[in-house]
Every structure is written in C-alpha cells, then in structure tokens.
C-alpha cells in the first residue's frame, strides 16, 4: 500500500527531533516561539488537524507561560537617563563657566578703568601742586608717605594679609625699591619742568630702554622685528621734542632718567628674584617697596630741600594752604591707587597685555592733559607723539607674537 508523503523544506524548524516533555520550560518556550515565527510553520492539509490542534494548545500554553516570565529588555532605559543627567550637568557647568568668565571680564574692565582714571587725576593734581610748590623731592616723599599709611592701615585691619618678610627677601627687594624711588622722583622732576603731555611722550621710550638693558644684563638679544618697532618710537619722540612749546632740557633728561629707572626695576626683578618658595604676590611686593622707598627718600628730602611742606612755609610763600594740602593729598592717594590697581591687573593678565594697556593709558593721559591744561600742540608735535605711541603699540604686538610659542 502506497503511503502519501508530504515534502517540506529541510529548514522547517518543527521537523527537528523533539525533546521530552520534562525538558527545561525556558528552552522549550524559546523553541516554540522560533517555530511559530517561521513563515512556513504549518501546512494545513487534511489528516493533520490533530497535530495542528496540539501545536496550537502548546503555543497557547507557552504564551501563558511567557506571561509568567519577566524577560529583561534588550535596551535599558538607564543609559538614556545617565546621558540626560550628564548633558544637564555639562550644560549647567557651561553656564556657570560662562557666567564666571563674564564676571571676570567685568572685574578686569573695571580695574582698567580705575587704572586710567586714577592716573589721569594723579597727573592733573600733581602738576597743579608742582606749579606752585616746585619741590619734587618733598612731593615724592609725601606721596610715598601717603602710600605707607595706606599699607599699614590695610595690614592693621586685615584688609590684606600681612606678610612675613625674611632678611633675604628684604635684601632682594632693596634694589627694586631704590630704582622705584628714582623712577617716581625723576617723573615728578620732569612734570615740574615741562607739560604733562610732553613728559608722557618721552616716557613712551620705555621699550627702548627695556631692550637695551635686557641685552646688556640678561643677554636677551632683540629680534629684527623688535628693533624695527623701536624706530618709530625714537623718531616720534625726537619729532615731538623738536616742536614742543614747553621743551626744557631738565624736564627732558628727567623723563629719560625715569625711563631708565623704571626699566632697571623690571630687569632687576628678574635678576634678583627671591626663591620661588618664598616669593611674594605683586600687591605685597608693591606695598613693601612703597614703605622702603619712603624710608630711603625721607632723609634725602631733609638734606636736599629741608622741611618745606608746612603751613607756615606755605603761608609765607603766599599759597593757599588748604588748597595745596588737599590737592597734594589727592595726588598722593591717586598715586598709590593707580599703582596698586596696576599690580592687581598684572596678577590677572600677561605682561604683554599689561604693556598694551599701559600704552593705551598713556594715550588717554596725554589727550586729557592737553584738554585740561589747554596745552598748545602743533600739528608736527601731534604727529611725532602719534608716531611714538604707534611704535609702542607695535612693540607690544611684536612681543605678543614672540611670546606665543612659549605659552603654546
């Protein structure tokens, strides 16, 4: 008797040998699900109804069994939550950093504004006092005295931390205090002889002295770009000097000596720097230099000019005592304030950026002094001053380009 055979593809899953019924239910459930997922799982022909029903009941029971078993999800929601939390924290930190940068920028801009403002008023009040009281050594000593009182006040009431100074530190700071004293003394001597604008035009030659002294004492040979930037500075100062209405040799050489002293201070600060573990911050260093300058200059004042800053002497000279004292005090306060702020800025920016800010400050002081004192300025004199200041700005840019590879 001929039997009928149903030919099915060899890949049909349920033709494989079936395991006993006491097999692990999870494995059996997986097998049944794979069988039911095949597109050709059943051939609904006559004579196989029982088989189909049995498989249907198995599928039903397996589906009920699958509802009892909680299978883990292939994709967890936890990483998504972690990513969202991390993204939120990153955005919050970015907002905080942006807010912090904006606050720092605002503080730095305020310091620059105060630096320029105090410097303007110092030059105005100082010039007014020196016009009627031509004793620059006494005036300089008085300004150091005002600064000394302010420093002691800050240390006494803990407005700024009082430093612990060793003998080696004082020896290292002493040369800086000496050249700092000479620098401010020569500046006052120049301001007493010539116009404020002309003094600051001559003081624009500070980069020239810086390059010369660095080459002589530190062995820093200037590049061709640096030397090229010095040419308009020297040429501009020479052109302005030839056409300056208030030109005076004493005022000219005093300003040049001030340049030499101030730049010697920068060179000495590199050469006589104290040990790194004992180093002082800029504000503390300036405070100590101020006190030492007052101690150094006070006996020199008594020897050279005597005691001149008294009410009796001012009255005998026909001066308004109150007006002279008030303006001298304001000049001393502004003198200490603008230098203190300058050191605070130097703690926040690079020396090159500070140099650029100093160049802009000199432009502001020259313009405001010309307007306030109505100083006569010829077109050639203005051209010379502009060329010199442009050279200072160019020098600052060259120094910035030179310093980029070191900071990279």
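Taken together, the values in this text are just the output of simple stated rules run on the coordinates, not laboratory data. Only a predicted model underlies this, so the values are computations on that prediction, with no experimental measurement involved. When we count neighbours, we look across all protein chains shown, and the Cβ atoms used for this are built from the backbone with ideal geometry, even at glycine.
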- Task: Take peptides 194-207, 331-344 and line them up by average Cβ neighbours within 10 Å, highest first, as a rough protection proxy.
- Result: 194-207, 331-344
- Quick calc: nm separation of the 7 Å Cα→Cβ label points for residue 317 and residue 174 -> 3.3
- Expected unfolding gain across residue 269-residue 104 under the 0.36 nm per residue rule, minus the alpha-carbon gap, is 56.6 nm
- Item | Rounded FRET efficiency, nearest 0.05, which uses the C-beta distance separating residue 372 from residue 243 and R0 of 22 Å | 0.60
- Message: Rg/Rh for the range 115-251 to two decimals, with Rh computed the Kirkwood way over all alpha-carbon pairs.
- Response: 1.04
- Message: Along the Cα→Cβ direction, 7 angstrom out, place labels at residue 96 and residue 304. What is the inter-label distance in nm?
- Response: 5.5
- Note on the structure: Scattering profile of the range 181-315 from the Debye formula, Cα beads only, expressed as log10 I(q)/I(0) at q = 0.09, 0.20 Å⁻¹, is -0.37, -1.23
- Query: Could you give the length gained on full extension between residue 158 and residue 346, defined as 0.36 nm per residue of separation minus the Cα-Cα distance, in nm?
  - Reply: 65.4 nm
- Note on the structure: Rh (Kirkwood, all Cα-Cα pairs) for the range 108-407, Å, reads 20.0
- Can you tell me the Rg and Dmax of the range 327-392, counting just the alpha carbons, in angstroms? 14.6, 39
